[in-house]
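As structure tokens, the structure follows; a few thoughts come after it.
The values are calculated or read from the model by the stated rules, or taken from the named source; none is laboratory data. Keep in mind that this is a model prediction, so the values were computed, not measured. Neighbour counts are summed over all protein chains in view; Cβ atoms, including those assigned to glycine, are modelled from backbone coordinates with ideal geometry. Note: areas computed on protein heavy atoms with side chains; ligands, DNA, RNA excluded. Shrake-Rupley method; radii C 1.70, N 1.55, O 1.52, S 1.80 Å.
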Amino acid sequence: MAGLESSMDLAEAARKIKKPEVSSEESERQKAFLEQLRSRKPVKVKAAKKPKAKARSGKGKKMTRAKKGETYYCEVCGCEIMCAISSEGPVICCDEVMCVID
């Protein structure tokens, strides 16, 4: 409990610290500055676009299950693979289903 008591003492000491007095001129200057900031229009920043890999239009169709001997292509990164064994599900690359190359 020693840690809890010391943290309570620190919290009590923090409450006793006085806030500095601000002159009326300074408070007016701060208010004018805040009004100026609020009156400004927000600047819209365009998000950076992801660079796309070379798209091969008409290269193939999305597949539903992988078949042995077929070649698959990723439209995102351009990776090509050849399936060695058949599977129940699709082949996925870059979080997307790969396309069958005809």
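Are there any pairs, at least 6 apart or on different chains, whose C-beta atoms fall under 6 Å, with the first in region 81-94 and closer than 12 Å to THR64 by Cα and outside any strand (DSSP E or B) and the second open to solvent by less than 40 Å² (accessible area, probe 1.4 Å) and of a type outside the set (A, V, I, L, M), and if so, which? Close Cβ pairs satisfying both conditions: VAL91/TYR72.
For every residue, the table says whether it meets (1) β-branched (Val, Ile, Thr); (2) surrounded by 10 or more Cβ atoms within 10 Å (Cβ to Cβ); (3) modelled with pLDDT under 75; (4) part of a loop (DSSP other than H, G, I, E, B).
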site: SER6; (1), (2), (3), (4): no, yes, no, no
site: PRO20; (1), (2), (3), (4): no, no, yes, yes
site: LYS31; (1), (2), (3), (4): no, yes, no, no
site: VAL45; (1), (2), (3), (4): yes, no, yes, yes
